[in-house]
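Quick note: the coordinates plus some simple rules give every number you see, no bench work behind them. Note that this is a predicted model, so its numbers are computed, not measured. Here the Cβ is made from the backbone with ideal geometry for all residues, glycine too, and neighbour counts use every protein chain on show.
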Amino acid sequence: MKGPLRPVHRIAVPIKGLIQRFAYVGLVAAAFGLMLLGKADVPLAERIRTQVTDALAPILDVLSRPVATVSDVVDQVRELASLHEENAGLREDKVRLLQWQTVARRLEAENKALRALLNFVPGPEASYVTARVIGDTGGAFAHTLLLNAGFRAGVRKGQAVVTGDGLVGRVAGVGNRSTRVILITDLNSHIPVLVERTRTRAILAGDNSEVLRLIRLPPGAEVSPGDRVVTSGHGDAFPPGLPVGVVASVSDAGIGVQPFVERSRLEYVRVVDFGLRGILQPLFPGIPADGP
Amino acid sequence: MKPSLWHRLDGLARRLTPFALTLVLVVVSVVPLHIPGFARVAPLLPLIAVYHWAIYRPRLLPAFAVFVIGVLQDTLTGTPIGVNALVFIGVYGVVLSQRRFFAGKSFAVVWLGFAVVAAGAALSSWILVSVYNLTLVAPRAVLFQYLMTLGVFPLLAWVFLRWQRAFLESE
């Protein structure tokens, strides 16, 4: 049987090679096409990302559990070793905090009285969704997290993600059961902030390194290391006053801010709905910005 | 004699493992490890897999599969979709064209080859992401990620070698 097939074979092999080469070039072109598509039509790229993440979320959820357990055990052992020093430190803290408590109580009472005098309109009450971190991704090029709660749990695009320490980032994409968070250290993160001491407005920009940069300061602004940086609430993206970080270095090269949140320790985070509509509104009213 | 259905299914399952293992690596490398500073320089495990299978079993990991792996990597990690797809496809093409060089070479040579190829991959993805975002991405993390990937290579390559000897027919 093999004899008569040979001439066909002789033609078929080069053709097959040619097709393979075309397919290869086609794939390279497709990759470029995807990049351009992502650049031009962000919602579509975002939808693809959301669908894929949503499909893989249950797997990631299961995978991240044993890792979290191991890291908890390691933490506990480490804490046992430093129990004595930590106790002494905590005792000092307690004394200091009791003083602060007195101050806070007094201020709260004063605030209440002043609000009553001024007919102050309080901001909307915040509601929280607590979610587990199931993916810490990105490597050198993007700083994102994946959470195991999504649209069904009430997460919407543009909401702030926080921990007890401070601001983590904002929700960039929402699937039915997963959420992608852009960390404040990501290249694409620009947050309106205030330097708490001087009330100087600025923009806090990430550049894919662990340190944030304070840019767009008004001329003559005075910033010194140790100043706390909090969200300003401008642009209605985040509520004002969320702690973000502390100024670490001031030089000609720029102002570096160390974030309060330590990325590697993130296990549970809170997605906060402050009832703000935010700057991530759809440009055209027909297209929902927060759909899954 | 025709092989039985189970026999064929078994063969198919074995032939799918290079692709499946690489997909698993993409997903596993996303799991948070809670090690300080690790996430930024986490080794690019799928790159190792693409390089390895392109040398030893390219037929079991065709270009299209490499493309799918790259797109999955992009979607999960948040890099612009297409960047890793292009880089992986590029690595695959380069390795395939040099396959004759790698044939029968010692492990050290294969590792050295990976050092060169991965450097090219890191550089091109750095350029691609920088152009995409119209800013220069901090190159330090890229360098450390490259070194980490280089360091993990022998371990993963050893696992793959054992795997292909145990479960895969030679091409």
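Where does the range A:126-276 land on Rg/Rh, using Cα atoms and the Kirkwood Rh?
0.97
Compute the long axis of helix B:5-28 from its Cα atoms, compare it with the longest principal axis of the Cα atoms of chain B, and write down the angle in degrees, 0 to 90, nearest 10.
Value to nearest ten degrees: 10.
Taking other Cβ within 10 Å of each residue's Cβ, how do A:Val25, A:Val77, A:Val257 sort, fewest first?
Sorted ascending by nearby Cβ count, the order is A:Val77, A:Val25, A:Val257.
Once you charge only the Cβ atoms, +1 for Lys and Arg and -1 for Asp and Glu, what is the size of the charge dipole of the protein assembly as shown about its Cα centre, to the nearest 20 debye?
So the magnitude is around 1940 debye.
How many partner chain Cβ atoms sit within 10 Å of a residue's Cβ in peptide B:59-72, on average, as a whole number?
Shielding by partners across B:59-72 averages 3.
Please list the non-local residues whose amide H lies under 5 Å from the amide H of A:Gly233, H modeled 1.01 Å from N, same-chain partners needing a gap of 5 or more.
A:Phe238, A:Gly241
For chain A, find the longest principal axis of its Cα atoms and tell me its angle to the long axis of helix A:42-81, 0 to 90°, nearest 10.
Orientation of helix A:42-81: about 60 degrees from the principal axis.
Given 25 °C and 0.890 mPa s, how large is the Stokes-Einstein diffusion coefficient of the protein assembly as shown in µm²/s, with Rh as the Kirkwood radius over Cα pairs?
98
Please list, in order along the range B:87-93, the HN-Hα scalar couplings obtained from phi with the Karplus expression 6.51 cos²θ - 1.76 cosθ + 1.60 (θ = phi - 60°), rounded to whole Hz, x for Gly and Pro.
Karplus values, whole Hz, x for Gly and Pro: 5, 5, 4, x, 4, 4, x.
Would you mind computing the Rg to Rh ratio of the range B:1-42 from its alpha-carbon coordinates, Kirkwood style for Rh?
That ratio is 1.36, to two decimals.
Report, please, the projected area of chain B averaged over directions, based on the convex hull of its C-alpha atoms, in nm².
Projected over every direction and averaged, the Cα hull of chain B covers 11.1 nm².
A:Asp75 to A:Ala153: extension gain in nm, 0.36 nm per residue of separation minus the Cα-Cα distance?
Fully extending the segment from A:Asp75 to A:Ala153 adds 25.1 nm.
Using Cα pairs closer than 8 Å and at least 6 residues apart in sequence, work out the relative contact order for the range B:24-168, in percent.
It comes to 30 percent, rounded to a whole number.
Based on the Cβ-Cβ distance from A:Ile19 to B:Ile35, what FRET efficiency comes out when R0 is 41 Å, to the nearest 0.05?
The pair A:Ile19/B:Ile35 has a calculated efficiency of 0.35.
Using 0.36 nm times the number of residues separating A:Arg213 and A:Arg228, minus their current alpha carbon distance, what extension gain do you get?
4.1 nm
Put a dot 7 Å past each Cα toward the Cβ at B:Val116 and B:Leu155; how far apart are the dots in nm?
Result for the modelled spin labels: 2.7 nm.
Do any GluC sites (Glu not before Pro) in the range A:22-122 lie in a DSSP loop with no more than 14 other beta carbon atoms within 10 Å, and if so, which?
Those that pass, being in a loop and sparsely packed, number zero.
Taking springs between alpha-carbon atoms closer than 10 angstrom, which of A:Gln76, A:Gln159, A:Gln101 fluctuates most in the Gaussian network model of chain A?
A:Gln101
Once you place label points 7 Å from the Cα toward the Cβ at A:Ser264 and B:Leu143, how far apart are they in nm?
2.0
Which one, A:Val25, A:Leu97, A:Ala153, is farthest towards the positive end of the dipole of chain A when Lys and Arg carry +1 and Asp and Glu -1 on their Cβ?
Going by the charge dipole, the pick is A:Val25.
Which value in deg cm²/dmol, rounded to the nearest 500, describes the helix-derived mean residue ellipticity at 222 nm for the protein assembly as shown, given -39,500 (n - 2.57) per DSSP H run of n ≥ 4 and division by the residue count?
Value at 222 nm, helices only: -18500 deg cm²/dmol.
Given the range A:81-206 reduced to its alpha-carbon atoms as identical point scatterers, what log10 I(q)/I(0) does the Debye formula return at q = 0.11, 0.13, 0.21 Å⁻¹?
Values returned for q = 0.11, 0.13, 0.21 Å⁻¹ are -0.67, -0.87, -1.10.
Once you place label points 7 Å from the Cα toward the Cβ at B:Ala166 and B:Phe101, how far apart are they in nm?
Label-label distance for B:Ala166 and B:Phe101, simple model: 3.2 nm.
Of A:Pro219, B:Gln164, A:Val77, which is farthest on the positive side of the dipole of the protein assembly as shown, counting Cα position, with +1 on Lys and Arg Cβ, -1 on Asp and Glu Cβ, and the Cα centre as origin?
With unit charges placed on the Cβ atoms, the residue in question is B:Gln164.
Could you tell me the calculated FRET efficiency between A:Lys112 and A:Val62, based on Cβ-Cβ distance and R0 = 51 angstrom, to the nearest 0.05?
Efficiency computed from Cβ-Cβ geometry: 0.60.
Expressed as a whole number of Å, what is the distance separating the alpha-carbon centroids of the range B:19-88 and the range B:113-171?
9
Most mobile of B:Ala103, B:Ala63, B:Ala85 per a Gaussian network model of chain B (Cα springs, under 10 Å)?
B:Ala103
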